[in-house]
Amino acid sequence: MADAEAEAAPRPEMQRLVAALRARLWQLQTELREQEVSEASSRAYCRGFCQTLLQYAGSRGASEHILPFLEVYRISIQCFANARPYLTTECEDVLLVLGRLVLVVLIKQKL
């Protein structure tokens, strides 16, 4: 019972992680919007997005528990969807990273 309560209660560490993730993805999106739509700006955004997503998804709090991991995933998808109109490419790397994270979520649910 205590484990379930600890998992459900938002930890300050996770709140900081989620806030930092939002801030970094917002920064990437702002930089993208300020540039002219081009292949170079799209590649730069996608590269930064993937690096950020992998960094935060692999962080201690998110990687150990499913709920924080899902929150990182949800925020990332939402931010990518917001940036999509400013991108010229399919950002295959982003789609690959998101797909791999789905597999991780499925594996964690089975454990």
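Going by what's in this entry, would ARG60 be described as basic (Lys, Arg) and modelled with pLDDT of 70 or more? Walk me through how you get there before you give the answer.
On the way: basic (Lys, Arg): yes; modelled with pLDDT of 70 or more: no.
Against the criterion (basic (Lys, Arg) and modelled with pLDDT of 70 or more), ARG60 does not qualify.
Do you know which of the residues in the stretch 1-52 that are within 16 Å of the chain's Cα centre (by Cα), loosely packed, with under 14 Cβ neighbours inside 10 Å and of a type in the set (A, V, I, L, M) is modelled with the highest pLDDT?
ALA23
The values are calculated or read from the model by the stated rules, or taken from the named source; none is laboratory data. The shown structure was predicted, so the numbers you read here are calculated from the model rather than taken from an experiment. Glycine gets a Cβ as well: all are built from the backbone with ideal geometry, and neighbour counts include every protein chain shown.
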